[in-house]
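I have placed the structure first, in the form of structure tokens, so that the comments after it can refer back to it.
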Amino acid sequence: MSRFTSATVVLALAAAMPLHAQRSGGVAAEVDAAYQKGEALYIDLHKAPELSFHETATATRIAAELRALGFDVTTGVGGTGVVAVLKNGAGPTVLLRTELDALPVTEATGLSFASTVRTKDDNGADVGVMHACGHDLHMAAVVSTARIMAGDRSRWHGTLVVIGQPAEERLGGAHAMIADGLLTRFPRPDFVIAVHDDPRYPSGTIGYHAGPILSNSDAVTIHIFGRGGHGARPETTVDPVVIAARTVLTLQTIVSREISPFDQAVITVGAIHGGTKRNIIPDEVRLDLTVRSFTDPVRQHLLSAIDRVAKAEAAAAAAPKEPSIERSEPAYALVNDSALTQRVSTMLLRELGATRVRDMPAESASEDLSEFPRAGIPTLMLRVGATEPAAYDKATREGTTLPSLHSASFKPDLQGTLKAAITAELLTLRELMPVARSATR
């Protein structure tokens with residue numbers, strides 16, 4: 001075949017390809033080239049998880065990876081946080097966030113590189129530790145994306161700030177880093193970007209959603225006080241177990257009877273602690289709640305109603321004193337900036353096509369990435385499907401439930417999920433930090 005004929009065939013084939021396939025082909029090759037090191041990093045991180053605010057070895061590893069790529073790296077920000085800065089001429093500043101911490105979960109995936117780590121939590125309890133939320137994959141993706149960005153600086157201009165954030169699972173790490181000068185000691189970002197895996201969707205897919213994407217979250221602890229005594233003489237006591245049981249049931253009517261069906265809200269009593277022996281009525285019972293909402297008015301109504309119900313049930317039982325009600329670990333709803341979401345989603349759809357990119361609706365999980373939009377910075381969290389497509393199709397067909405995030409059995413479809421995360425990050429960063437037109441002539 002002549003050189004002219006070969007070129008003609010290549011051009012004809014290119015013309016026959018969908019435009020997004022032509023555009024994304026180069027990115028796919030870059031991601032493929034970075035994948036092997038990303039996978040190795042993922043496996044290392046998965047085997048050695050650390051709990052919130054104890055991510056010392058994890059932070060050291062991430063800092064070393066980014067420093068080797070030419071980033072100016074600072075450690076110990078907000079506890080164990082890592083901040084890495086790479087300047088590449090004039091242009092926007094974009095912050096790319098990953099999380100460092102794992103969960104107190106004993107792994108049951110059966111993977112050859114499953115975590116066997118056990119440690120003491122902050123309350124002194126012996127717990128297994130597992131990356132059951134995909135933070136290991138997020139770190140591997142961010143380092144891989146940073147490697148591609150640092151390796152080819154002709155495709156973008158501006159300042160890339162990569163952070164490894166501690167304690168996302170305790171909803172305190174972002175606030176701690178900001179309080180320690182993240183937005184003043186380092187270049188203040190024009191945009192904040194993060195990616196999170198999601199096993200409710202097949203791997204390879206990338207999700208976006210404008211507006212609220214994750215919910216407000218509040219932890220509430222209720223201590224109910226009674227008067228203990230012998231289980232055979234309940235008339236001599238005020239039984240806090242019964243008060244607790246009535247309280248749990250009445251709390252469920254707040255959402256069903258006080259909140260509009262058009263507003264999303266959740267009140268879950270996740271733990272009840274009280275008593276030592278079947279024939280002893282205790283003096284006290286503790287309830288641990290998680291409360292989720294999307295708007296401030298609904299949030300305030302839920303918290304106020306919880307106080308009202310707990311006190312009323314105690315009063316109805318003639319408890320010796322009112323319950324104590326403590327709130328902790330607050331997080332605000334994560335709101336994706338509408339203009340930023342429109343810009344990035346339009347680009348992703350153009351580059352990858354509608355079969356891979358979709359609008360994924362909001363859910364009632366929570367995330368302290370919300371600290372950045374509260375600081376006035378346009379923020380976008382993208383999601384990537386994490387379930388092997390055949391397993392996803394089978395579960396959809398049969399109506400079965402797949403392991404969720406925070407499950408001891410959760411394991412992402414590694415190659416498809418990691419490559420999609422790197423692709424989403426790389427394309428987004430280049431969209432937000434383009435080379436000036438004059439520089440491309």
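We did not get these values from a lab; they are worked out from the coordinates using the rules stated. Computed from a prediction, not measured in an experiment: that's the story for all the values here. Counting neighbours? That spans all protein chains shown, and the Cβs are built from the backbone with ideal geometry, glycine included.
Summary of values
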{"item": "Point-to-point label distance, residue 307-residue 256, nm (Cα→Cβ direction, 7 Å offset)", "result": "2.6"}
{"item": "Backbone N under 19 Å from the residue 233 label point (7 Å along Cα→Cβ), restricted to segment 291-335", "result": "320"}
{"item": "Dimensionless Rg over Rh [segment 174-231; C-alpha; Kirkwood]", "result": "1.24"}
{"item": "Cα gyration tensor shape of segment 360-441, rounded if a/c is under 1.5, else prolate or oblate by comparing a/b with b/c", "result": "oblate"}
{"item": "When each of 120/411; 37/411; 37/394; 277/411; 120/394 is checked by Cα-Cα distance, pairs over 28 Å", "result": "37/394; 277/411; 120/394"}
{"item": "Lys, Arg +1 and Asp, Glu -1 on Cβ, resulting dipole of the chain about Cα centre, debye, nearest 20", "result": "980"}
{"item": "Mean Cβ count within 10 Å, highest first, over the residues of peptides 126-136, 245-255, 418-428, 317-327", "result": "418-428, 126-136, 245-255, 317-327"}
{"item": "Value at 222 nm in deg cm²/dmol, rounded to 500, when DSSP H runs of n ≥ 4 in the chain each add -39,500 (n - 2.57)", "result": "-12500 deg cm²/dmol"}
{"item": "Mean projection area, nm², convex hull over Cα of segment 68-111", "result": "5.5"}
{"item": "Ascending count of other beta-carbon atoms within 10 Å, so fewest first, for 139, 347", "result": "347, 139"}
{"item": "Calculated log₁₀ intensity ratio I(q)/I(0) where the Debye formula runs over C-alpha points of segment 217-331, q = 0.20, 0.24 Å⁻¹", "result": "-0.99, -1.30"}
{"item": "Relative contact order computed over the chain (Cα-Cα under 8 Å; 6+ residues apart), in percent", "result": "23"}
{"item": "Anchor residue 311: aspartates and glutamates whose Cα lies under 14 Å away (excluding residues fewer than 8 positions away in-chain)", "result": "322, 326"}
{"item": "Stokes-Einstein D (µm²/s) once Rh is taken as the Kirkwood radius of segment 145-296 over alpha-carbon pairs, at 10 °C in 1.306 mPa s", "result": "77"}
{"item": "Rounded to 10°, Cα long-axis angle of helix 296-316 versus longest principal axis of the chain", "result": "20"}
{"item": "Diffusion coefficient, µm² s⁻¹, Stokes-Einstein with Kirkwood Rh over alpha-carbon pairs of the chain at 10 °C and 1.306 mPa s", "result": "66"}
